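The values are calculated or read from the model by the stated rules, or taken from the named source; none is laboratory data. Just so we're clear, the structure is a prediction, and the values are computed from it rather than from any experiment. Neighbour counts are summed over all protein chains in view; Cβ atoms, including those assigned to glycine, are modelled from backbone coordinates with ideal geometry. The area values use the complete protein model at the heavy-atom level, side chains included, leaving out ligands, DNA and RNA. Shrake-Rupley method; radii C 1.70, N 1.55, O 1.52, S 1.80 Å.
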Amino acid sequence: MWSPCSFLSQVVEEFLLFLSLVLLPLLLYTYLTKWKRKKSKYNLPPGRVGWPFVGETFAYLEPHVATSIGQFMEHHISRYGKIYRSNLFGKPTIVSADAGLNRFVLQNEGRLFECSYPRSIGAILGKWSMLVLVGEMHREMRTIAVNFMSSSRLRALLLPEVEHHALLVLGTWMEGSPFSAQEEVKKFTFNLMAKSIMSMDPGEAETEKLRREYITFMKGIVSPPLNFPGTPYSKALKSRTTILSAIERKMEERTKKTTGENFEGVKDDDDLLGWALKQSNFSKEQILDLLLSMLFAGHETSSVALALAIFFLEGCPEAVRKLREEHFEIAEAKKKRGECRLSWEDYRQMEFTQCVINETLRLGNVVRFLHRKVIKHVRYKGYDIPCGWKILPVFDAVHLDSTMHEDPQKFNPWRWQSSSSSGAATANSFMPYGGGPRLCAGSELAKLEIAIFLHHLVLNFRWELAEPDQALALPFVDFQKGLPIKVHKVTCDTLIDNVSKGFYERGKKRENFSAI
């Protein structure tokens, strides 16, 4: 027979059972962690482990303004110093905001440390992706990519393609109507990579379908790895299959062309697909993952960097004026030579443009940190870094360090000029493309893309934010509203007036380069 007392007794029993099932493991975990720490023979950096299993991962990945290091890093650095321990991504981890240690990690790739990304990244990019590969296989794939983007190929083949695709996108911009600058630069870099990788032309139905699938694919990479129907991660895995099918069809078409009767006249190494087929002995699966990883790396990082450059320049008219002066001179010299396209020599003249690119990468931090695993015990600055632990070299903490960069939150391209009082950064304090054996294979192409796009942008348009926006680290950098801008055509008279003013002020000393 039911009674309130018996019901209450049952509730109490169930509650006590719940406590025993939940709290006891937590207490046991805490006790073992403390005991292990006391027993440890290592002199570990200071820090804390956080919650069981997940550690401090969610706090570490909390979104924050891209031009800052976020509250988590600020708090931990102020409390523990630039090298501390934590529990991130399910592993005991050393976090490094120390420039020297970051460089040490990158330079000792394969000897003391190796790449170690979460399994979810490998599942979506593929086990043969350059991002997750280690050892000899990574070296072979990277060699293929580096040779494809060699200096001679950048000059002869890739520079004309970059300019062509930049003009295609800029040619569609309408005055006065707001549009997403982020989407436009993503279109530019995707179309360029689709052409460079598989000779796919922009605007065609096949290219547009692939671009839509790629958008879904990217949403899955930046989402929690929950493989349930309807989740962004699950949709991304399906998009991966669709994208690989499209690449495989291209591969089959190329194989038929190069083995058929109509081989004559086919340039089978103008794109990365033909280059990989001709220059390597990779399997089909390996080539598919190589092309997908290059599409990801070549599109995403370059588009984010270019969007950041547009954003930072909008707030610094003085830098835009200096850019126009530089590019007007290049355009005038090109006109005198009777040429209509930019040459490699023109690109080499874009010195202040390179300062803008460096400052954009330093302040915006497209790649904020890397995943590495310790494969041999290391001792650094008196601390032990045990074998088997993860280590995260955090680049934004160095790029935004006031002891290394004067007024680090300020967009100041002039700091990269050799005559600047603040001086150029050292190799330790500026590593936007990583370093060591895994230095980004497409770093030179990325800088070329940004420089050529900015050349035509500043000579043809003025721009302003259509509404306030901000870049967030999620941890991938993304604009909240897509960077909405309005553009206005630059007339010849306005351009000449701007440049003349720049020439007049060239010799004047500037004590403050802030936006006016």
Check: Which members of segment 227-244 meet the condition of being open to solvent by 50 Å² or more (accessible area, probe 1.4 Å) and not β-branched (Val, Ile, Thr)?
Finding: ASN227, PHE228, PRO229, GLY230, PRO232, LYS235, LYS238
Check: Within the set of pairs 6 or more residues apart or between chains, which connect a residue that is over 18 Å from VAL95 (Cβ atoms) and among the charged types (D, E, K, R) inside segment 357-384 to a residue that is modelled with pLDDT of 95 or more and part of a loop (DSSP other than H, G, I, E, B) with Cβ atoms less than 7 Å apart?
Finding: GLU359/PHE411; GLU359/ASN412; LYS376/LEU112; LYS376/CYS387
Check: Residue check: is LYS322 of a type outside the set (Phe, Trp, Tyr), in contact (Cβ under 8 Å) with a residue 40 or more places away in the chain and open to solvent by 50 Å² or more (accessible area, probe 1.4 Å)?
Finding: yes
Next item on the list: Find the helices (runs of 4 or more DSSP H) located wholly in segment 269-356 whose residues include 3 or more that are closer than 23 Å to LEU210 by Cβ and of a type in the set (D, E, K, R), and list them.
Entry: 284-314
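Conditions (1) within 28 Å of the chain's Cα centre (by Cα); (2) closer than 30 Å to HIS164 by Cβ; (3) of a type in the set (Gly, Ala, Ser), marked per residue:
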site: ILE330; (1), (2), (3): no, yes, no
site: TRP344; (1), (2), (3): yes, yes, no
site: CYS355; (1), (2), (3): yes, yes, no
site: THR360; (1), (2), (3): yes, yes, no
site: GLY364; (1), (2), (3): yes, yes, yes
site: ARG368; (1), (2), (3): yes, no, no
site: TRP389; (1), (2), (3): yes, no, no
site: PRO393; (1), (2), (3): yes, no, no
site: TRP414; (1), (2), (3): yes, no, no
Check: Among the residues of segment 386-398, is any touching a residue at least 40 places away in the same chain (Cβ under 8 Å), closer than 27 Å to LEU157 by Cα and of a type outside the set (A, V, I, L, M)?
Finding: no
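Listed here are the residues, each with its yes/no results for (1) under 20 Å from ALA397 (Cβ atoms); (2) touching a residue at least 60 places away in the same chain (Cβ under 8 Å); (3) not polar (S, T, N, Q).
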position: ARG48; (1), (2), (3): yes, no, yes
position: LEU61; (1), (2), (3): yes, yes, yes
position: HIS64; (1), (2), (3): yes, yes, yes
position: GLY70; (1), (2), (3): yes, yes, yes
position: GLY90; (1), (2), (3): no, no, yes
position: ILE144; (1), (2), (3): no, yes, yes
Next item on the list: Considering only residues that are out of contact with any Pro (no Cβ under 7 Å at 6 or more places or on another chain), at pLDDT 95 or above and in a loop (DSSP other than H, G, I, E, B), look in segment 383-406 and name the one that is surrounded by the fewest Cβ atoms within 10 Å (Cβ to Cβ).
Entry: GLY388
Check: So PRO52 fits all but one of (1) at pLDDT 95 or above; (2) touching a helix residue (DSSP H, G or I) at 6+ places or on another chain (Cβ under 9 Å); what number is the exception?
Finding: (1)
Check: In segment 284-306, which residues are open to solvent by less than 10 Å² (accessible area, probe 1.4 Å), out of contact with any Ser or Thr (no Cβ under 9 Å at 6 or more places or on another chain) and modelled with pLDDT of 90 or more?
Finding: LEU291
